[in-house]
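The values are calculated or read from the model by the stated rules, or taken from the named source; none is laboratory data. Everything quoted here is computed from the prediction, not taken from an experiment. Quick reminder, even Gly has a Cβ in these numbers, built from the backbone with ideal geometry, and neighbours come from all protein chains shown. With ligands, DNA and RNA removed, areas are computed over all heavy atoms of the protein, side chains included. Shrake-Rupley method; radii C 1.70, N 1.55, O 1.52, S 1.80 Å.
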Amino acid sequence: RAVTEPIGSLMSAGRRLAAGDYEAHVDIATGDELERLGEVFNETGPKLKEREKMKQSLELAGAIQRSLLPIDAPSLKHFDIAAKCLYCDETGGDYYDFIDMIDLGPGKVGIVLGDVSGHGIGAALLMTAVRSSLRTNIRQHGTDLTTLFRKVNRDLVRDTGDDKFVTLFCGVLDDKSRSMTWVSGGHDPALWRREDTGAIEELPNTGMLMGIFEEALFEQAGPLELSRGDVIVIGTDGIWEAKDPPGNLFGKERLHKILSGAHGSAKETCNAIVAAVADFCGSAPREDDITMVVIRVL
(Lines give C-alpha, C1' and ligand atoms only; values in the text may rest on other atoms or scores of the structure.)
Protein backbone atom coordinates (compact mmCIF):
# COMPACT_ATOMS: atom_id res chain seq x y z
CA ARG A 1 0.00 0.00 0.00
CA ALA A 2 2.92 2.39 0.69
CA VAL A 3 3.90 2.06 -2.99
CA THR A 4 0.57 1.54 -4.77
CA GLU A 5 -1.35 4.40 -3.14
CA PRO A 6 1.14 7.14 -4.19
CA ILE A 7 1.29 5.64 -7.69
CA GLY A 8 -2.49 5.58 -7.81
CA SER A 9 -2.59 9.26 -6.80
CA LEU A 10 -0.11 10.12 -9.54
CA MET A 11 -2.18 8.20 -12.12
CA SER A 12 -5.40 9.93 -11.07
CA ALA A 13 -3.82 13.39 -11.10
CA GLY A 14 -2.12 12.61 -14.40
CA ARG A 15 -5.49 11.88 -16.02
CA ARG A 16 -6.86 15.20 -14.76
CA LEU A 17 -3.82 17.04 -16.07
CA ALA A 18 -4.15 15.33 -19.46
CA ALA A 19 -7.79 16.47 -19.56
CA GLY A 20 -6.68 20.10 -19.10
CA ASP A 21 -6.93 20.48 -15.32
CA TYR A 22 -3.73 22.42 -14.66
CA GLU A 23 -4.60 22.56 -10.95
CA ALA A 24 -4.16 18.79 -10.58
CA HIS A 25 -2.08 18.15 -7.46
CA VAL A 26 -0.82 15.23 -5.39
CA ASP A 27 0.11 14.98 -1.70
CA ILE A 28 2.76 12.34 -1.25
CA ALA A 29 4.77 12.27 1.99
CA THR A 30 6.71 9.02 1.75
CA GLY A 31 10.12 10.64 2.20
CA ASP A 32 11.58 8.81 -0.78
CA GLU A 33 11.74 8.94 -4.58
CA LEU A 34 7.93 8.82 -4.83
CA GLU A 35 7.65 12.06 -2.85
CA ARG A 36 10.20 13.75 -5.10
CA LEU A 37 8.29 12.46 -8.13
CA GLY A 38 5.15 14.03 -6.69
CA GLU A 39 6.94 17.34 -6.25
CA VAL A 40 8.03 17.30 -9.90
CA PHE A 41 4.46 16.49 -10.95
CA ASN A 42 3.09 19.40 -8.91
CA GLU A 43 5.45 21.77 -10.78
CA THR A 44 4.23 20.53 -14.17
CA GLY A 45 0.65 21.87 -14.12
CA PRO A 46 1.51 25.57 -13.59
CA LYS A 47 4.23 25.39 -16.25
CA LEU A 48 1.83 23.82 -18.76
CA LYS A 49 -0.75 26.48 -17.90
CA GLU A 50 1.78 29.22 -18.60
CA ARG A 51 2.72 27.61 -21.93
CA GLU A 52 -0.95 27.39 -22.88
CA LYS A 53 -1.43 31.09 -22.13
CA MET A 54 1.62 31.92 -24.23
CA LYS A 55 0.32 29.77 -27.09
CA GLN A 56 -3.05 31.52 -26.99
CA SER A 57 -1.33 34.91 -26.98
CA LEU A 58 0.75 33.97 -30.02
CA GLU A 59 -2.33 32.68 -31.84
CA LEU A 60 -4.11 35.97 -31.10
CA ALA A 61 -1.08 37.95 -32.29
CA GLY A 62 -1.01 35.87 -35.47
CA ALA A 63 -4.71 36.47 -36.09
CA ILE A 64 -4.24 40.22 -35.60
CA GLN A 65 -1.24 40.24 -37.93
CA ARG A 66 -3.10 38.34 -40.65
CA SER A 67 -6.00 40.78 -40.33
CA LEU A 68 -3.62 43.58 -41.38
CA LEU A 69 -3.07 41.92 -44.76
CA PRO A 70 -5.42 43.01 -47.55
CA ILE A 71 -8.49 40.83 -48.03
CA ASP A 72 -8.79 41.51 -51.77
CA ALA A 73 -6.42 42.64 -54.48
CA PRO A 74 -7.15 45.89 -56.35
CA SER A 75 -9.42 45.60 -59.37
CA LEU A 76 -7.80 47.34 -62.35
CA LYS A 77 -8.49 47.37 -66.07
CA HIS A 78 -4.97 46.51 -67.22
CA PHE A 79 -3.58 44.59 -64.24
CA ASP A 80 -4.54 41.27 -62.69
CA ILE A 81 -3.05 41.06 -59.17
CA ALA A 82 -2.80 38.24 -56.63
CA ALA A 83 -0.85 37.80 -53.39
CA LYS A 84 -0.03 35.15 -50.81
CA CYS A 85 1.62 35.20 -47.38
CA LEU A 86 2.46 32.01 -45.47
CA TYR A 87 4.11 32.28 -42.04
CA CYS A 88 6.38 29.51 -40.76
CA ASP A 89 5.44 30.39 -37.14
CA GLU A 90 2.30 31.81 -35.53
CA THR A 91 3.62 35.27 -36.46
CA GLY A 92 6.12 36.38 -39.06
CA GLY A 93 8.20 39.21 -40.45
CA ASP A 94 6.86 39.23 -44.03
CA TYR A 95 4.03 41.40 -45.23
CA TYR A 96 2.43 42.84 -48.34
CA ASP A 97 0.00 45.67 -48.87
CA PHE A 98 -2.04 47.41 -51.54
CA ILE A 99 -2.47 51.15 -51.14
CA ASP A 100 -5.10 53.07 -53.09
CA MET A 101 -3.48 56.24 -54.38
CA ILE A 102 -6.54 57.70 -56.09
CA ASP A 103 -5.66 61.16 -54.72
CA LEU A 104 -2.76 61.15 -57.20
CA GLY A 105 -4.98 60.25 -60.12
CA PRO A 106 -7.38 57.47 -61.08
CA GLY A 107 -5.95 53.98 -61.54
CA LYS A 108 -2.81 54.40 -59.42
CA VAL A 109 -2.15 51.71 -56.83
CA GLY A 110 0.80 51.16 -54.51
CA ILE A 111 2.17 47.60 -54.29
CA VAL A 112 4.25 46.97 -51.15
CA LEU A 113 6.15 43.88 -50.03
CA GLY A 114 8.56 43.68 -47.09
CA ASP A 115 10.70 41.21 -45.16
CA VAL A 116 11.83 41.87 -41.58
CA SER A 117 14.91 40.03 -40.37
CA GLY A 118 14.20 37.24 -37.93
CA HIS A 119 11.00 35.49 -36.93
CA GLY A 120 8.44 35.45 -34.19
CA ILE A 121 6.70 38.17 -32.25
CA GLY A 122 9.59 40.65 -32.45
CA ALA A 123 9.64 40.53 -36.24
CA ALA A 124 5.85 40.81 -36.33
CA LEU A 125 5.88 43.95 -34.19
CA LEU A 126 8.54 45.55 -36.38
CA MET A 127 6.56 44.64 -39.47
CA THR A 128 3.56 46.43 -38.00
CA ALA A 129 5.73 49.51 -37.41
CA VAL A 130 6.91 49.39 -41.04
CA ARG A 131 3.34 49.18 -42.29
CA SER A 132 2.22 52.08 -40.11
CA SER A 133 5.13 54.33 -41.12
CA LEU A 134 4.73 53.59 -44.82
CA ARG A 135 0.97 54.16 -44.85
CA THR A 136 1.37 57.43 -42.93
CA ASN A 137 4.12 58.80 -45.16
CA ILE A 138 2.71 57.67 -48.50
CA ARG A 139 -0.31 59.91 -48.01
CA GLN A 140 2.05 62.87 -47.79
CA HIS A 141 4.68 62.00 -50.39
CA GLY A 142 2.63 60.01 -52.88
CA THR A 143 4.58 58.91 -55.92
CA ASP A 144 7.77 60.57 -54.68
CA LEU A 145 9.06 57.17 -53.65
CA THR A 146 12.59 58.44 -52.96
CA THR A 147 11.42 60.79 -50.20
CA LEU A 148 8.93 58.21 -48.98
CA PHE A 149 11.64 55.61 -48.38
CA ARG A 150 13.97 58.12 -46.73
CA LYS A 151 11.20 59.00 -44.25
CA VAL A 152 10.31 55.36 -43.54
CA ASN A 153 13.98 54.43 -43.16
CA ARG A 154 14.54 57.19 -40.59
CA ASP A 155 11.55 55.98 -38.60
CA LEU A 156 12.95 52.44 -38.63
CA VAL A 157 16.45 53.47 -37.57
CA ARG A 158 14.98 55.18 -34.52
CA ASP A 159 12.75 52.20 -33.68
CA THR A 160 15.10 49.26 -34.27
CA GLY A 161 18.27 47.93 -32.72
CA ASP A 162 21.50 47.13 -34.52
CA ASP A 163 20.46 43.50 -35.02
CA LYS A 164 17.27 44.23 -36.99
CA PHE A 165 16.74 45.42 -40.54
CA VAL A 166 14.07 45.42 -43.22
CA THR A 167 14.06 44.85 -46.97
CA LEU A 168 11.21 46.67 -48.67
CA PHE A 169 9.83 46.98 -52.20
CA CYS A 170 7.25 49.57 -53.21
CA GLY A 171 5.91 49.94 -56.73
CA VAL A 172 3.24 52.24 -58.13
CA LEU A 173 1.12 50.81 -60.93
CA ASP A 174 -0.39 53.27 -63.39
CA ASP A 175 -3.44 51.59 -64.92
CA LYS A 176 -3.80 54.23 -67.61
CA SER A 177 -0.30 53.87 -69.07
CA ARG A 178 0.33 50.19 -68.16
CA SER A 179 3.52 51.18 -66.35
CA MET A 180 5.22 50.83 -62.99
CA THR A 181 7.69 52.95 -61.04
CA TRP A 182 9.39 51.45 -58.01
CA VAL A 183 11.98 51.75 -55.28
CA SER A 184 13.61 48.84 -53.49
CA GLY A 185 15.41 49.07 -50.17
CA GLY A 186 17.70 46.04 -50.14
CA HIS A 187 14.97 43.70 -51.38
CA ASP A 188 15.67 40.84 -53.78
CA PRO A 189 14.99 41.98 -57.35
CA ALA A 190 11.47 41.48 -58.64
CA LEU A 191 11.23 39.18 -61.69
CA TRP A 192 9.73 40.45 -64.96
CA ARG A 193 8.68 37.84 -67.54
CA ARG A 194 8.33 39.56 -70.90
CA GLU A 195 5.58 38.13 -73.06
CA ASP A 196 7.11 39.21 -76.37
CA THR A 197 10.49 37.49 -75.92
CA GLY A 198 9.87 35.08 -73.02
CA ALA A 199 12.94 36.54 -71.31
CA ILE A 200 12.99 36.94 -67.54
CA GLU A 201 14.64 40.11 -66.30
CA GLU A 202 15.34 41.40 -62.79
CA LEU A 203 14.13 44.80 -61.68
CA PRO A 204 17.23 46.20 -59.98
CA ASN A 205 17.52 47.07 -56.33
CA THR A 206 17.67 50.86 -55.84
CA GLY A 207 18.86 51.25 -52.25
CA MET A 208 20.37 49.61 -49.20
CA LEU A 209 18.77 47.64 -46.38
CA MET A 210 16.41 49.75 -44.29
CA GLY A 211 16.67 50.45 -40.58
CA ILE A 212 20.48 50.51 -40.43
CA PHE A 213 21.79 53.89 -41.62
CA GLU A 214 19.65 56.97 -41.03
CA GLU A 215 20.97 58.95 -44.01
CA ALA A 216 20.67 56.09 -46.51
CA LEU A 217 19.64 57.17 -50.03
CA PHE A 218 17.10 55.50 -52.28
CA GLU A 219 16.54 56.04 -55.98
CA GLN A 220 13.28 55.76 -57.86
CA ALA A 221 13.31 53.54 -60.96
CA GLY A 222 11.00 53.55 -63.98
CA PRO A 223 8.52 54.10 -65.31
CA LEU A 224 8.70 50.58 -66.74
CA GLU A 225 6.47 50.28 -69.78
CA LEU A 226 4.65 46.94 -69.68
CA SER A 227 2.89 44.96 -72.40
CA ARG A 228 -0.12 42.67 -72.42
CA GLY A 229 0.85 39.23 -71.10
CA ASP A 230 3.86 40.39 -69.08
CA VAL A 231 4.14 38.96 -65.56
CA ILE A 232 5.93 40.45 -62.54
CA VAL A 233 6.65 38.42 -59.40
CA ILE A 234 7.76 40.23 -56.23
CA GLY A 235 8.71 37.74 -53.53
CA THR A 236 10.63 37.14 -50.33
CA ASP A 237 13.63 34.82 -50.02
CA GLY A 238 11.52 32.21 -48.25
CA ILE A 239 10.60 31.02 -51.76
CA TRP A 240 14.01 30.34 -53.32
CA GLU A 241 15.69 29.52 -50.00
CA ALA A 242 13.13 26.84 -49.09
CA LYS A 243 14.84 23.49 -48.44
CA ASP A 244 13.98 19.86 -49.14
CA PRO A 245 14.71 17.13 -46.53
CA PRO A 246 18.39 16.71 -47.63
CA GLY A 247 18.89 20.49 -47.37
CA ASN A 248 18.90 21.48 -51.07
CA LEU A 249 17.55 24.94 -51.92
CA PHE A 250 14.50 25.46 -54.13
CA GLY A 251 16.51 28.12 -55.97
CA LYS A 252 15.59 30.75 -58.51
CA GLU A 253 15.98 28.45 -61.52
CA ARG A 254 12.86 26.54 -60.50
CA LEU A 255 11.04 29.83 -59.97
CA HIS A 256 12.12 30.99 -63.44
CA LYS A 257 10.79 27.76 -64.95
CA ILE A 258 7.38 28.29 -63.35
CA LEU A 259 7.36 31.90 -64.48
CA SER A 260 8.27 30.92 -68.05
CA GLY A 261 5.17 28.77 -68.27
CA ALA A 262 2.87 31.21 -66.46
CA HIS A 263 0.12 32.01 -68.96
CA GLY A 264 -2.87 31.82 -66.64
CA SER A 265 -4.21 34.35 -64.16
CA ALA A 266 -2.12 35.99 -61.47
CA LYS A 267 -3.83 33.81 -58.86
CA GLU A 268 -3.02 30.65 -60.81
CA THR A 269 0.65 31.66 -61.04
CA CYS A 270 0.72 32.48 -57.33
CA ASN A 271 -0.80 29.10 -56.43
CA ALA A 272 1.57 27.28 -58.81
CA ILE A 273 4.60 28.76 -57.05
CA VAL A 274 3.27 27.87 -53.59
CA ALA A 275 2.44 24.32 -54.71
CA ALA A 276 5.87 23.84 -56.29
CA VAL A 277 7.65 24.98 -53.12
CA ALA A 278 5.46 22.72 -50.94
CA ASP A 279 6.09 19.74 -53.23
CA PHE A 280 9.85 20.43 -53.20
CA CYS A 281 10.04 20.75 -49.41
CA GLY A 282 8.06 17.58 -48.77
CA SER A 283 8.33 16.65 -45.10
CA ALA A 284 10.98 19.28 -44.35
CA PRO A 285 9.67 22.06 -42.07
CA ARG A 286 9.51 25.57 -43.49
CA GLU A 287 12.21 27.73 -41.92
CA ASP A 288 11.13 31.09 -43.36
CA ASP A 289 7.98 32.96 -44.32
CA ILE A 290 6.83 32.82 -47.95
CA THR A 291 5.26 35.95 -49.40
CA MET A 292 4.70 37.10 -52.96
CA VAL A 293 2.73 39.48 -55.13
CA VAL A 294 2.05 38.44 -58.73
CA ILE A 295 1.06 41.04 -61.34
CA ARG A 296 -0.17 40.05 -64.80
CA VAL A 297 -0.65 42.72 -67.45
CA LEU A 298 -3.96 42.57 -69.30
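The condition of being open to solvent by 30 Å² or more (accessible area, probe 1.4 Å) and under 21 Å from residue 109 (Cβ atoms) holds for only one of 143, 197, 181, 206, that being 143. Scanning region 1-22 for residues that are over 14 Å from residue 49 (Cβ atoms) and open to solvent by less than 60 Å² (accessible area, probe 1.4 Å) returns 6, 8, 9, 10, 12, 13, 14. Counting the residues of region 102-136 that are open to solvent by 20 Å² or more (accessible area, probe 1.4 Å), farther than 22 Å from residue 290 by Cα, touching an Asp or Glu at 6+ places or on another chain (Cβ under 9 Å) and part of a helix (DSSP H, G or I) gives 2.
Go through region 65-86 residue by residue and tally those that are outside any loop (DSSP other than H, G, I, E, B) and among the hydroxyl-bearing types (Ser, Thr, Tyr). So that I can check it myself, show each step before the final result.
So in region 65-86, the residues outside any loop (DSSP other than H, G, I, E, B) come out as 65-67, 79-86.
When the remaining residues are screened for being among the hydroxyl-bearing types (Ser, Thr, Tyr), the result is 67.
Within region 65-86, residues that are outside any loop (DSSP other than H, G, I, E, B) and among the hydroxyl-bearing types (Ser, Thr, Tyr) number 1.
Residue check: residue 160 meets all listed conditions (1) modelled with pLDDT of 90 or more; (2) crowded, with 17+ Cβ neighbours inside 10 Å; (3) of a type outside the set (A, V, I, L, M, F, W, C) but one, namely (1).
Reported count of residues in region 209-218, each being surrounded by fewer than 20 Cβ atoms within 10 Å (Cβ to Cβ) and of a type in the set (Phe, Trp, Tyr), is 1.
I'm trying to understand the selection: among the residues of region 223-255, which are of a type in the set (A, V, I, L, M, F, W, C) and either in a loop (DSSP other than H, G, I, E, B) or without any contact (Cβ under 8 Å) to a residue 40 or more places away in the chain (or both)? Even if it seems obvious, please write down each step before you answer.
So the first thing to find is which residues in region 223-255 are of a type in the set (A, V, I, L, M, F, W, C), and the list is 224, 226, 231-234, 239-240, 242, 249-250, 255.
Across region 223-255, the qualifying residues are 226, 239, 240, 242, 249, 250.
Among the criteria (1) assigned to a loop (DSSP other than H, G, I, E, B); (2) buried (at least 19 other Cβ atoms within 10 Å of the Cβ), the one residue 150 does not fulfil is (1).
Take the residues of region 23-43 that are open to solvent by 60 Å² or more (accessible area, probe 1.4 Å) and in a loop (DSSP other than H, G, I, E, B): which is modelled with the lowest pLDDT?
Kept after step one, since they are open to solvent by 60 Å² or more (accessible area, probe 1.4 Å), are these residues of region 23-43: 23, 25, 27, 29, 31, 33, 36-37, 39-40, 43.
Pick out the ones that are also in a loop (DSSP other than H, G, I, E, B) and you get 23, 25, 27, 29, 31.
On the way: 23: 83, 25: 83, 27: 86, 29: 82, 31: 79.
Only one residue tops the list, namely 31.
Candidates in region 77-101 are the residues that are more than 25 Å from residue 240 (Cα to Cα) and open to solvent by 30 Å² or more (accessible area, probe 1.4 Å); of these, the one that is modelled with the lowest pLDDT is 100. Residues being within 18 Å of residue 166 (Cα to Cα), at pLDDT 90 or above and loosely packed, with under 14 Cβ neighbours inside 10 Å are represented in region 219-236 by at least one member.
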